[in-house]
There are 2 protein chains.
Amino acid sequence: MLGLMQSQQLLISSLIEFAQRHHGDGEIVSRRVEGDIHRCTYRDVGNRARKVANVLDAMELGFGARVATLAWNGYRHLELYFGVSGSGRVLHTLNPRLHPDQIVWIANHSEDAVLCFDMTFLPIVKAVHNRCTTIKHFIALCDADKLPQDTGIPGLLSYEAWIAPQVSSYEWPEFDENVASSMCYTSGTTGNPKAALYSHRSTILHAWAGAMPDALNMSARDCVLPVVPMFHVNAWGLPYSAAMTGAKMVFPGPAMDGKSIFELIESEKVTFAAGVPTVWQMMLGHMQQGELRFSTLKRTVIGGSACPPAMITAFNDVHGVEVLHAWGMTEMSPLGTVCTLKNKHLAMDDGQKMAVRLKQGRGIYGVDMKIVDDKGSELPWDGKAYGDLLVKGPWVIAEYYKGEGGSPLVDGWFPTGDVATIDADGYMQITDRSKDVIKSGGEWISSIDVENIAMAHPAVAMAACIGMKHPKWDERPVVVVVKKPGADVSREELLAFYEGRTAKWQIPDDVVFIDAIPLGGTGKMQKTKLRETLLDYKLPGL
Amino acid sequence: MLGLMQSQQLLISSLIEFAQRHHGDGEIVSRRVEGDIHRCTYRDVGNRARKVANVLDAMELGFGARVATLAWNGYRHLELYFGVSGSGRVLHTLNPRLHPDQIVWIANHSEDAVLCFDMTFLPIVKAVHNRCTTIKHFIALCDADKLPQDTGIPGLLSYEAWIAPQVSSYEWPEFDENVASSMCYTSGTTGNPKAALYSHRSTILHAWAGAMPDALNMSARDCVLPVVPMFHVNAWGLPYSAAMTGAKMVFPGPAMDGKSIFELIESEKVTFAAGVPTVWQMMLGHMQQGELRFSTLKRTVIGGSACPPAMITAFNDVHGVEVLHAWGMTEMSPLGTVCTLKNKHLAMDDGQKMAVRLKQGRGIYGVDMKIVDDKGSELPWDGKAYGDLLVKGPWVIAEYYKGEGGSPLVDGWFPTGDVATIDADGYMQITDRSKDVIKSGGEWISSIDVENIAMAHPAVAMAACIGMKHPKWDERPVVVVVKKPGADVSREELLAFYEGRTAKWQIPDDVVFIDAIPLGGTGKMQKTKLRETLLDYKLPGL
């Protein structure tokens, strides 16, 4: 027997329709590439998103066609979020920080038909446009009178000239909520990039989950600053959750330095900001220099990588700002866990609370997670056992775009590639990447733990732990170390430093000193490359 | 092109699985019919819900079979919420406040197969059981040793004896999220009761929407007391939203008096309570007498009928408790609007905020609403124009159970039967019931406005305004008045009292004095009955 409820499909167009109708004068404030501050409302964004939909129809761009962006966080990008997906096309947010060759590869792989770009990225587009074989339309996200001449880009139009002839009325099409709405390529440390293809359903469910009090906690009384770029997993879904709740949005545009972000937070009375630790580090540095304080910011959500305890303390103790760790990935839309406290934690002292806050967080309803051992058996949630972290849920991918990489699922679960513990209260903590963990004699050694101990030595600037093949133990850890300029430490001194700081069998077998550890575009250590430089290395005694 | 996300169905079983896994030691506290306080956890509720599922399987009760309850708010009722729906049966929460004949009619109409009842309602069950022709199993929600003998109810079992033989492991079935999960009959002022048949999908989406910061704002740090009964539209969805967030739950059982509720709020550190105004009135009275104060309560959500301004003020000014108006109906699962403030309201003074708070609230994402005139044309959102209120959304009914009453929708919209205004910020205010509004010369007169003016006269105890047929104006208002004991007022004095208090054409044509106005079971005036007593009435001058 079926229920007798209305069978309304969950479509992205309903978000902007809701925001326009119920929060029409809700503000959208953007710092533009030109440097000025632009102000508009959900009503304006809705009207202009419908112009975008109309112009895509006028171009006879098919249902499901990919419309790519190379753009900062701003109101025009937001209009594209709703106009492109709402009209049945797929929004493809390209990452401008990638190498031009990668951008070409990705644009051709996704078969983008249109590319909308901020003027910042004109040099990239000039460099790649004639290699992007499927893109027929290039749109510069600028006013008509700012369009540069002689770019060599065929048929280049300004966004404003592009949408100007269109009317702002539009009947959003109704279709199956499982239709593709947007896509995002993973940076992919190995092999070619692969894309998650989100649906309207997954996006709406994720927007609900993301706005919940125990996730990002977004209401119509909030003013939200997504520092996380709109080309990083749709800015963690913030544009959707904000439209769903009518929150005021503030977009930083290209000005991602500490001073600009701080000024925007103060001038626009931001209550909530989200981003990666490096941005906050710059901002806190700027504030410390000028002895500045926040007057409205209440909380920050920090994701992308683990937040240093000192940063949590600085935000909390000096600025009265709550820091929430969040964890997720492109394949998860991205939210999986957020580190909000439970009722039982409220009476704890600051030290105990900090121990909880340092974890990646607890699962939000909708995402199931488990940790498993080598054989795939589930491990206990005791905060000690660690294993491969697997997830499932309606905003987790089933497969990659075009089936790249084959079926990623294991019995219906997506393997995150992380190694983690989960405690009895459901708080997950990542201890390593699956490919980095050292499997020694049936036990796992966290490469991050080994690195952290080395990093605690005053002479060590950077440390990378990698597993080396061993005939008896399968693998044994070796720590690769970059010394601080002018400092010195010997192999023996550093190995002695591990004594008492970890179990004997987890102490690395060797130390390799090196001038520099290869880093990727996002500042992460590239252990694959590091391994290549150590191809001829042999463990001591073998 | 479809998205490539996991196609997980939204099922009620996932709520209790999530709560058990992520909030296993989250507390469920219940005052029982026996009077004692019972404590258990989400882990316990999950384990026992699976026993319920197992016993229903063992009884070979078919998929979609109706399991009815006649029960207060408590942990066993909660176990049935998850065990019955989770295993694919339909939970039917009967309202024990109905007349036994109505209960018989409803139980036969829904074709209930099982009835689980609290011992409070044993007299009702004794009176009705042999007329409920489809119910084959009667379960008393009590310990095995508390089961009364010689009830005359065939095969009566205690709940504990019923589930005791079962194991607590159970594989929840997976099925289409549109399958029916629970049902609730409307009290229905005219005709037979009609039932809303909720689905798993509608219940989960509603639970998300209900837990949002701008709705009931539920987190794992909350302790929630649903005073609203679990037989009133699933306690506004609170049991589902609580499991979704891991909030502690406190159930008042049968003790709905002000003293008991207050004591439970204090002893269990309740942060959030929800119910109808009458309960709060009793509680505030009890607190005033004893000069008592709340120590943990932060907010109350008040629905069911409009909250008197004095109550909002008492909660806010005396007790520091935020009062949120909510509006909805059985056909809406029930949430439609909640009166949370927007960013722009925060800087207002108390009087301006109160003017907002007195409205029924603004729409939550998922529910669309509009007001229309006689011809079905949409009216502006200006806070002045009023018309029939229509809603639509994935937790609004498409039709009633068994198609009773035909198709209720108008162009896909459900007519609420309320007349309302909506202001530019989307705040809806009910001005009347559609059937009570007086349509005079193409204009509408709110019967509630006419009544409120009469009620403001010191000699008037109760007033009901009804429309009388008029050859020229279609209808003209007449106010039916019950005088206060010992007080007096003449027809002319009362009509003169309207001068200056409303527009001339909205002043009633006549006053009819009467000894008593007929009231329904929930204390609402029964204007249909009142009309019957005035069958021979003629307007003056006709």
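Go through (1) surrounded by 20 or more Cβ atoms within 10 Å (Cβ to Cβ); (2) in a loop (DSSP other than H, G, I, E, B) one by one and return the number of the condition A:His457 breaks.
Result: A:His457 fails condition (1) only.
Just to be sure before I move on: is A:Thr421 polar (S, T, N, Q), closer than 19 Å to A:Pro308 by Cα, away from every other protein chain (no Cβ under 14 Å) and under 21 Å from the mean Cα position of the chain (by Cα) in the structure I sent?
In short, no.
Looking only at segment A:518-525, decide whether some residue is at pLDDT below 95 and closer than 27 Å to A:Glu443 by Cα.
Yes, segment A:518-525 has at least one match.
Can you find even one residue in segment A:327-337 that is in contact with a His (Cβ under 6 Å, 6 or more places away or on another chain) and of a type in the set (Phe, Trp, Tyr)?
No - not one qualifying residue is present in segment A:327-337.
Look through B:Val29, B:Val114, B:Val84 and report the one residue that is within 14 Å of chain A (Cβ to nearest Cβ), at pLDDT 95 or above and in contact with a Lys or Arg (Cβ under 8 Å, 6 or more places away or on another chain).
So the residue among B:Val29, B:Val114, B:Val84 that is within 14 Å of chain A (Cβ to nearest Cβ), at pLDDT 95 or above and in contact with a Lys or Arg (Cβ under 8 Å, 6 or more places away or on another chain) is B:Val29.
Can you tell which of A:Gly26, A:Gly3, A:Gly64 is farther than 30 Å from B:Gly64 by Cβ and touching a helix residue (DSSP H, G or I) at 6+ places or on another chain (Cβ under 8 Å)?
None of the others qualify; the one that does is A:Gly26.
Return the total of residues in segment B:246-276 being open to solvent by less than 30 Å² (accessible area, probe 1.4 Å), assigned to a helix (DSSP H, G or I) and polar (S, T, N, Q).
1
Of A:Glu493, A:Glu451, which residue is open to solvent by 60 Å² or more (accessible area, probe 1.4 Å) and in a helix (DSSP H, G or I)?
Testing whether each residue is open to solvent by 60 Å² or more (accessible area, probe 1.4 Å) and in a helix (DSSP H, G or I) leaves just A:Glu493.
Counting just the residues of segment A:460-489 that are within 17 Å of A:Leu539 (Cα to Cα) and part of a loop (DSSP other than H, G, I, E, B), which one comes out most open to solvent (accessible area, probe 1.4 Å)?
Among residues in segment A:460-489 that are within 17 Å of A:Leu539 (Cα to Cα) and part of a loop (DSSP other than H, G, I, E, B), the one most open to solvent (accessible area, probe 1.4 Å) is A:Lys472.
Out of (1) at pLDDT 95 or above; (2) under 20 Å from the mean Cα position of the chain (by Cα), what's the single condition that is false for B:Pro96?
(1)
Restricting to segment A:496-542, give me the number of residues that are surrounded by 11 or more Cβ atoms within 10 Å (Cβ to Cβ), among the basic types (Lys, Arg) and outside any helix (DSSP H, G or I).
2
Within segment A:355-447, which strands (runs of 3 or more DSSP E) (wholly inside it) include 3 or more residues that are open to solvent by less than 20 Å² (accessible area, probe 1.4 Å) and touching a Leu at 6+ places or on another chain (Cβ under 8 Å)?
A:368-372, A:414-422
Just the residues that are without any contact (Cβ under 8 Å) to a residue 40 or more places away in the chain and closer than 30 Å to A:Gly303 by Cβ, please, taken from segment A:483-513.
A:Lys484
Does segment A:277-292 contain any residue that is open to solvent by 10 Å² or more (accessible area, probe 1.4 Å), at positive phi and assigned to a loop (DSSP other than H, G, I, E, B)?
Within segment A:277-292 (the criterion being open to solvent by 10 Å² or more (accessible area, probe 1.4 Å), at positive phi and assigned to a loop (DSSP other than H, G, I, E, B)), the answer is yes, since at least one residue qualifies.
B:Ala306 fails exactly one of the following numbered conditions: (1) under 25 Å from B:Met525 (Cα atoms); (2) open to solvent by 20 Å² or more (accessible area, probe 1.4 Å); (3) part of a helix (DSSP H, G or I). What is the number of that condition?
B:Ala306 satisfies all of (1) under 25 Å from B:Met525 (Cα atoms); (2) open to solvent by 20 Å² or more (accessible area, probe 1.4 Å); (3) part of a helix (DSSP H, G or I) except (3).
Please note which strands (runs of 3 or more DSSP E) are completely contained in segment A:162-245 and include at least 3 residues that are open to solvent by 20 Å² or more (accessible area, probe 1.4 Å) and within 14 Å of chain B (Cβ to nearest Cβ).
No strands (runs of 3 or more DSSP E) qualify here.
Can you name the residue in segment A:340-354 that is crowded, with 17+ Cβ neighbours inside 10 Å and not in a helix (DSSP H, G or I) and, of all such residues, is nearest to the other protein chains (Cβ to nearest Cβ)?
So, considering only residues that are crowded, with 17+ Cβ neighbours inside 10 Å and not in a helix (DSSP H, G or I), the one nearest to the other protein chains (Cβ to nearest Cβ) is A:Lys342.
Being surrounded by fewer than 20 Cβ atoms within 10 Å (Cβ to Cβ), of a type in the set (D, E, K, R), within 12 Å of chain B (Cβ to nearest Cβ) and not in a helix (DSSP H, G or I) is the requirement here; does A:Asp150 meet it?
It is false that A:Asp150 is surrounded by fewer than 20 Cβ atoms within 10 Å (Cβ to Cβ), of a type in the set (D, E, K, R), within 12 Å of chain B (Cβ to nearest Cβ) and not in a helix (DSSP H, G or I).
Would you mind telling me which numbered condition in (1) free of Cβ contacts under 8 Å to residues at least 40 places away in the same chain; (2) open to solvent by less than 10 Å² (accessible area, probe 1.4 Å); (3) assigned to a loop (DSSP other than H, G, I, E, B) A:Ala107 fails?
For A:Ala107, the exception is condition (3).
So which residues in segment B:324-338 are hydrophobic (A, V, I, L, M, F, W, C) and either surrounded by fewer than 21 Cβ atoms within 10 Å (Cβ to Cβ) or within 22 Å of B:Ile204 (Cα to Cα) (or both)?
Result: B:Ala326, B:Trp327, B:Met329, B:Met332, B:Leu335, B:Val338.
Could you tell me whether B:Thr330 is within 19 Å of B:Trp208 (Cα to Cα), within 14 Å of chain A (Cβ to nearest Cβ), of a type outside the set (Phe, Trp, Tyr) and touching a helix residue (DSSP H, G or I) at 6+ places or on another chain (Cβ under 9 Å)?
Against the criterion (within 19 Å of B:Trp208 (Cα to Cα), within 14 Å of chain A (Cβ to nearest Cβ), of a type outside the set (Phe, Trp, Tyr) and touching a helix residue (DSSP H, G or I) at 6+ places or on another chain (Cβ under 9 Å)), B:Thr330 qualifies.
Answer yes if at least one residue in segment A:278-299 is acidic (Asp, Glu) and farther than 22 Å from B:Leu346 by Cβ, and no otherwise.
yes
The values are calculated or read from the model by the stated rules, or taken from the named source; none is laboratory data. Quick caveat: nothing in here was measured; it's all calculated off a predicted structure. A quick note on method: Cβ atoms are made from the backbone with ideal geometry, for glycine too, and the neighbour counts reach across all protein chains shown. Ligands, DNA and RNA are excluded from the accessible area calculation, which covers all protein heavy atoms including side chains. Shrake-Rupley method; radii C 1.70, N 1.55, O 1.52, S 1.80 Å.
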